[in-house]
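Below: one structure, written as C-alpha coordinates.
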Amino acid sequence: FASAKDEGFGMDDVVLPAGQQEKTWLWQSMREGKLDKLTYGRLEGPDIFYPSWMYGLWNVSSTTRTVQAPLGEQLFGRPGALEEANKEIGQTLQYKARFKKAGGDAV
(Lines give C-alpha, C1' and ligand atoms only; values in the text may rest on other atoms or scores of the structure.)
Protein backbone atom coordinates (compact mmCIF):
# COMPACT_ATOMS: atom_id res chain seq x y z
CA PHE A 1 0.00 0.00 0.00
CA ALA A 2 2.99 2.30 0.32
CA SER A 3 3.18 2.86 -3.43
CA ALA A 4 -0.52 3.80 -3.54
CA LYS A 5 0.00 6.30 -0.73
CA ASP A 6 3.06 7.74 -2.45
CA GLU A 7 0.85 8.48 -5.45
CA GLY A 8 -1.71 10.33 -3.33
CA PHE A 9 -4.09 7.40 -2.87
CA GLY A 10 -4.37 5.77 0.53
CA MET A 11 -6.79 3.56 2.41
CA ASP A 12 -8.58 6.61 3.80
CA ASP A 13 -9.61 7.40 0.21
CA VAL A 14 -11.41 4.06 -0.23
CA VAL A 15 -15.11 4.14 0.55
CA LEU A 16 -17.01 0.94 1.30
CA PRO A 17 -20.82 0.70 1.46
CA ALA A 18 -22.36 1.87 4.72
CA GLY A 19 -21.87 -0.61 7.56
CA GLN A 20 -19.37 -2.79 5.69
CA GLN A 21 -16.16 -1.34 7.18
CA GLU A 22 -16.76 -2.92 10.58
CA LYS A 23 -17.63 -6.34 9.16
CA THR A 24 -14.25 -7.29 7.78
CA TRP A 25 -10.94 -7.79 9.57
CA LEU A 26 -9.13 -7.22 6.26
CA TRP A 27 -10.57 -3.72 5.90
CA GLN A 28 -9.74 -2.83 9.50
CA SER A 29 -6.19 -4.17 9.15
CA MET A 30 -5.60 -2.11 6.01
CA ARG A 31 -7.01 1.08 7.54
CA GLU A 32 -4.90 0.67 10.67
CA GLY A 33 -1.73 -0.11 8.70
CA LYS A 34 -1.39 -3.54 10.32
CA LEU A 35 -1.40 -5.53 7.12
CA ASP A 36 2.16 -6.51 6.20
CA LYS A 37 1.22 -9.77 4.52
CA LEU A 38 -1.81 -11.97 4.28
CA THR A 39 -1.82 -15.19 6.24
CA TYR A 40 -3.75 -18.17 5.02
CA GLY A 41 -5.21 -18.95 8.43
CA ARG A 42 -7.50 -15.91 8.47
CA LEU A 43 -8.62 -16.33 4.88
CA GLU A 44 -9.37 -20.03 4.95
CA GLY A 45 -12.83 -21.05 5.94
CA PRO A 46 -15.61 -23.43 5.08
CA ASP A 47 -17.22 -21.08 2.57
CA ILE A 48 -17.08 -23.33 -0.51
CA PHE A 49 -18.37 -26.88 -0.52
CA TYR A 50 -18.15 -29.54 -3.21
CA PRO A 51 -20.14 -32.72 -3.84
CA SER A 52 -19.01 -35.72 -1.77
CA TRP A 53 -17.86 -37.58 -4.92
CA MET A 54 -15.01 -35.04 -5.24
CA TYR A 55 -13.40 -36.22 -1.98
CA GLY A 56 -9.84 -37.49 -2.39
CA LEU A 57 -6.75 -36.89 -4.49
CA TRP A 58 -7.21 -36.03 -8.15
CA ASN A 59 -4.80 -35.88 -11.09
CA VAL A 60 -5.55 -32.63 -12.88
CA SER A 61 -4.56 -31.37 -16.34
CA SER A 62 -5.04 -27.76 -17.36
CA THR A 63 -4.27 -26.61 -20.90
CA THR A 64 -3.95 -22.93 -21.80
CA ARG A 65 -6.23 -22.39 -24.80
CA THR A 66 -6.19 -18.60 -25.01
CA VAL A 67 -4.80 -15.56 -23.21
CA GLN A 68 -6.77 -12.33 -23.11
CA ALA A 69 -6.05 -8.87 -21.76
CA PRO A 70 -9.39 -7.05 -21.94
CA LEU A 71 -8.01 -4.01 -20.11
CA GLY A 72 -4.83 -3.90 -22.17
CA GLU A 73 -1.27 -5.11 -21.84
CA GLN A 74 -0.33 -2.44 -19.29
CA LEU A 75 -2.77 -3.89 -16.74
CA PHE A 76 -1.94 -7.53 -17.48
CA GLY A 77 1.17 -7.54 -15.35
CA ARG A 78 4.81 -6.62 -15.52
CA PRO A 79 6.29 -5.63 -18.89
CA GLY A 80 6.47 -8.67 -21.15
CA ALA A 81 4.01 -10.74 -19.09
CA LEU A 82 1.41 -10.92 -21.85
CA GLU A 83 4.01 -12.04 -24.38
CA GLU A 84 5.22 -14.75 -21.96
CA ALA A 85 1.66 -15.89 -21.29
CA ASN A 86 0.96 -16.20 -25.02
CA LYS A 87 3.95 -18.56 -25.33
CA GLU A 88 2.12 -20.93 -22.95
CA ILE A 89 -0.86 -21.41 -25.29
CA GLY A 90 -1.20 -25.11 -26.02
CA GLN A 91 0.92 -26.15 -23.03
CA THR A 92 -0.57 -28.46 -20.42
CA LEU A 93 0.09 -28.14 -16.71
CA GLN A 94 -0.37 -31.32 -14.69
CA TYR A 95 -0.78 -31.31 -10.93
CA LYS A 96 -2.57 -33.00 -8.06
CA ALA A 97 -5.54 -31.49 -6.23
CA ARG A 98 -6.80 -32.76 -2.89
CA PHE A 99 -10.34 -32.30 -1.64
CA LYS A 100 -10.77 -33.05 2.06
CA LYS A 101 -13.73 -33.51 4.39
CA ALA A 102 -14.91 -30.31 6.02
CA GLY A 103 -17.23 -31.99 8.49
CA GLY A 104 -20.05 -34.43 7.99
CA ASP A 105 -20.48 -35.12 4.29
CA ALA A 106 -19.20 -31.70 3.23
CA VAL A 107 -16.10 -31.70 1.04
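The values are calculated or read from the model by the stated rules, or taken from the named source; none is laboratory data. If you're wondering where the values come from, they're calculated on a predicted model, not measured in any experiment. Positions of Cβ are backbone-derived with ideal geometry, glycine not excepted, and every protein chain shown enters the neighbour counts. For the accessible areas, the whole protein counts, side chains as well, though only heavy atoms, and no ligand, DNA or RNA atoms are used. Shrake-Rupley method; radii C 1.70, N 1.55, O 1.52, S 1.80 Å.
Quick look at the values:
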item	result
Exclusive hit being open to solvent by 70 Å² or more (accessible area, probe 1.4 Å), of a type in the set (Lys, Arg) and in a strand (DSSP E or B), set 65, 98, 78	98
Cβ-Cβ under 6 Å pairs, at least 6 apart or on other chains, region 86-107 side more than 12 Å from residue 59 (Cβ to Cβ), far side hydrophobic (A, V, I, L, M, F, W, C) and open to solvent by 70 Å² or more (accessible area, probe 1.4 Å)	106/49
